Amino acid sequence: GLLGYRPDLVVSGINNGANMGDDTIYSGTVGAAMEGYLFGIPAIAFSQVDKGWGEIESAAAKAREIVQQLMGNRLVNPAESSDAAPWLLNVNIPSRADADQAPWEITRLGRRHASFPAVPQHNPRGDLFYWIGPAGEAREEGEGTDFHAIRQGRVSITPLQVDMTDHQRLPQWQQWVGRA
């Protein structure tokens, strides 16, 4: 309703810091792209791996190249593509001066260890609050994961889906409810 027309693509980011592995579950950048996807619009969440906006111009150039490549392959405007289903991509770009030259790789999400403990602090009024602790180290970072691609200096492109249902255990839970 805000635009007055249906966009061809939703782009969220460039986020200031990585959204890899388990981080995607609670990422606002991924969540914003997911909203477009849920409305039936192809969507991309872009993140630059290191915080601080270093080499942001190179990351922006790579993001533009990816969008242009998708448009060139007729994947952006579903009305023109042979497969009209929307898609959702999570893209992490290395924080390097030559990121615009980095190859990209289609990846799956890796996994992280639990984050470091929360950091207690007091606000100016003396109220106690907690900062979420730093992200945990990668624990599943093998070949094919987003962590591995970034470690190799590549851009990680991970296709995402919204359904987080544990399909493998669904029958077990159905049996449990049937016994109650």
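The numbers here are math on the coordinates, done by the rules we state, and not lab data. Since the model is a prediction, treat every value here as computed from it, not as a measurement.
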Note to self, the chain gives a 222 nm [θ] from helices alone (DSSP H runs n ≥ 4, -39500 (n - 2.57) apiece, / all residues, nearest 500) of -7500 deg cm²/dmol
Looking only at VAL155, VAL67, VAL30, which one moves most when the chain is put into a Gaussian network model with springs between Cα atoms under 10 Å? VAL67
Mean shadow of the chain, computed from the convex hull of its alpha carbons, in nm²? 15.8 nm²
Using bins 10 angstrom wide from zero, how does P(r) for the range 17-78 break down, in % of all Cα pairs? 21, 43, 34, 3
Table column - 3J(HN,Hα) (Hz), the range 42-56, Karplus curve with 6.51, -1.76, 1.60, x for Gly and Pro: x, 8, 9, 9, 9, 9, 9, 4, 8, 6, x, 6, x, 6, 5
Across ASP146, ASP166, ASP98, the residue with the highest GNM fluctuation in the chain (Cα network, 10 Å cutoff) is ASP166
